[in-house]
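Worksheet: the structure to be examined is printed underneath.
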Amino acid sequence: MPPPPAVCTEPSPEARLDAAAVASCQRLAGLLFPWDITRALELALLKTFCLPSISGLLSRTGEFEQRPRKRYDDTGLMVAELLRHGPDSAVGTAVLARLNRIHGHYAISNDDFLYVLSSFVAEPIRWLERYGWRPLSGEEQQALFRFWLRVGERMGIGDLPQSLEALLALNGAVERQRFRAAPSNQRVADATLEMLVKDWPAPLRPVLRRVLRGMLEPETAPCLAWQPAPGWLRQLLRAILRSRSAVANGWQRLRPPQRSRFFSESPTPSYGASFRLEQLGPPAQLARLNSPRWSGNQRRIGLTGGIASGKSSVAALLASQGLPVLDADVHAREALAPGSAGARAVLARYGPGVAAGPPGAMASTTAEEPGSEDADRMVVLDRAALGRIVFGDPAERRWLEALVHPIVRQRFNAELERLAPAPVVVLVIPLLFETGLEALCSEVWLVDCDADQQLQRLISRDRLTEAEARARIAAQWPLERKRPLADRLLDNRGAADRLADQVAAALSAGPTPPAAASPPA
């Protein structure tokens, strides 16, 4: 018998390039320039506040103004752990999963994600050109680009530039075209500045504030309502920082560092000498972020996706295999059924404008006075009219969700208890990530499609105008934000039989490990 063919285990050129990029970035951030790169990333963070879309969101969350030190340390620790371990390591995967879950809670545009990512490449390059004992080489700059490009891919950021030159051009264009002053810029930047000087003696703080403000370019400072630093101060800072860098380089030549010096390897004011990944994130989100997935014997498939992405088609395919399917939309309709407490609450809030009339023949035979409890029992809600209200006003949508979601959760719990003997259960939950219901599932499948397909399918299915369809899509997290959080993607861009093949393959492959598992940092 001839020997079996040899299996090639040589990594692809792309994989080798990524591994080399990670190793180069680890050397830069951990050994050669740990202080400089930490300062450069601090400056990058500060410059993101010049975008009102970013500063406005941060101001609304209150995290930078109420807990600036924790927010600063959390960001620094997660970025440092990515650099220390690489985005594809177990720790890096856990960090990115946590970042995605934290960011997914907020309406962050893809353009803002792109700028922040670009600043993590551009600012270290600029800093070391200005203040370092040497600038980064072309190879090191490319490694930095490849590293953060990989991070962007793992975060599901769309339209990523595919070259260093394109990324730097994007960074410059945003700073020229979108940086502008706004009250939220100043609030967040001032809170951060006060946090940075807080540990210094009080008499030194005014000078230190001026020095830190002097790190910004003269054209950037006014975006934070800060007075631009005079030329002499910027020249003095440059001379001091270059001298410090030269001394550090000379010391390293005499005594090369024996261990890395990442930000996450040093004590922080928030956590002391050590930290756990489960501690990082906004306090209000920690319970949701740390809730474990279902780990019982029953396989629970959480099926989600965007509106009109094809969840119902996948649910039908799974039901045809004899699997029990629990659908959040069905339970939501039950929560607003005629005569239900939910329907009565909706009628009390919005009045007869959301009433489609009594069901069936009762419309012409009921004798009860409108508005009476008996009459309300007969009323069918006009879901289209209700949709126009809640998708046109985020506050009203939140009110309706606060009414319906607890009822849906109760129904899910009751049905899961009833179906406890079933080996597999499917939970169709359109807002699975938005509502933090991953804990009900052992794995999450995402039905994926293109944005244009989603829009056209929704217009056709629900007979909506384009503006109405876009409003309903915008009420959910975009698919770009959901993709990195899912354990399995089902591509619904093509023919129905292709989708069926993917569903069959996913079902037969067995349970997938949760993407959001979080080993200790």
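Points worth noting:
- Principal-axis tilt of helix 451-462 within the chain, Cα atoms, nearest 10 degrees: 20
- Potential lengthening between ALA504 and GLN252 on full extension [0.36 nm per residue; Cα-Cα distance subtracted]: 84.9 nm
- Accessible area (Å², 1.4 Å probe, nearest 10) - THR93: 40
- Dipole magnitude (debye, nearest 20) for the chain, charges at Cβ of Lys, Arg, Asp, Glu: 2020
- The Cα atoms of region 41-81 give a gyration tensor whose axes a ≥ b ≥ c have a/c of 1.5 or more with a/b no greater than b/c, which makes the shape oblate.
- Ordered from highest to lowest accessible area with the whole protein assembly present and a 1.4 Å probe, LEU82, LEU317 read as LEU317, LEU82.
- Listed values [x] 93, 78, 40; [y] 82, 61, 60; [z] 92, 65, 50, entry calculated as Cα extents along the principal axes in Å: [x]
- Solvent-accessible surface (1.4 Å probe) assigned to LYS70 amounts to roughly 40 Å².
- Looking at the chain, the accessible area is 48 square angstrom per residue; that uses a 1.4 Å probe and ignores ligands, DNA and RNA.
- Across region 80-89, coupling constants 3J(HN,Hα) worked out from phi with the 6.51/-1.76/1.60 Karplus curve, θ = phi - 60°, read 5, 5, 5, 5, 5, 10, x, x, 9, 6 Hz, and Gly and Pro carry x.
- Take the Cα radius of gyration of region 100-144 and divide it by 2.2 N^0.38 Å, N being the number of residues; the result is 1.52.
- Rounded to the nearest 20 debye, dipole of region 150-200 from Cβ charges on Lys, Arg, Asp, Glu: 120
- Here the relative contact order of the chain, from alpha carbon pairs under 8 Å that lie six or more residues apart, stands at 20 percent.
- Folded to 0 to 90 degrees: helix 341-350 orientation relative to the chain principal axis, Cα: 70
- Cα gyration tensor shape of region 204-254, rounded if a/c is under 1.5, else prolate or oblate by comparing a/b with b/c: prolate
- Spread of Cα-to-Cα distances over 5 Å intervals beginning at zero, given as percent, for region 165-252: 3, 12, 16, 18, 19, 17, 10, 4, 1
- Built amide H within the under 5 Å cut-off of GLY305, gap 5+: LEU432, VAL447
- For the chain, the fraction of 1.4 Å probe accessible surface lying on carbon and sulfur atoms is 57 percent.
- Span from the region 27-95 Cα centroid across to the region 423-478 one, whole angstrom: 30
- Helix-only mean residue ellipticity at 222 nm for the chain, each DSSP H run of n ≥ 4 adding -39500 (n - 2.57), per residue, nearest 500: -17500 deg cm²/dmol
- Region 208-362 - convex hull of alpha carbons, volume per residue in Å³: 351
- Amide hydrogen neighbours beyond the local backbone of GLU443, cut-off 5 Å, H modeled: ARG300, GLY302
- Three-way shape label, region 139-298, alpha-carbon gyration tensor, a/c 1.5: rounded
- All Cα pairs of region 377-521, percent lying beyond 25 Å: 42
- In this view, the solvent-accessible surface of ILE301, computed with a 1.4 Å probe and all protein chains in place, comes to about 0 Å².
- With a 1.4 Å probe rolled over the protein heavy atoms of all chains, the accessible area of GLU443, GLU217, GLU265 falls in the order GLU265, GLU217, GLU443, largest first.
- Ranking SER508, SER59 by solvent-accessible area of protein heavy atoms (1.4 Å probe, all protein chains present), from largest to smallest, gives SER508, SER59.
- Degrees between helix 231-254 axis and first principal axis of the chain (Cα, 0 to 90, nearest 10): 80
The values are calculated or read from the model by the stated rules, or taken from the named source; none is laboratory data. Note that the coordinates shown come from a computational prediction; the quantities given were computed from them, not determined experimentally. All Cβ positions, even for glycine, are placed from backbone atoms using ideal geometry, and neighbour counts span all protein chains on display. Accessible surface areas use protein heavy atoms only, side chains included; no ligands, DNA or RNA. Shrake-Rupley method; radii C 1.70, N 1.55, O 1.52, S 1.80 Å.
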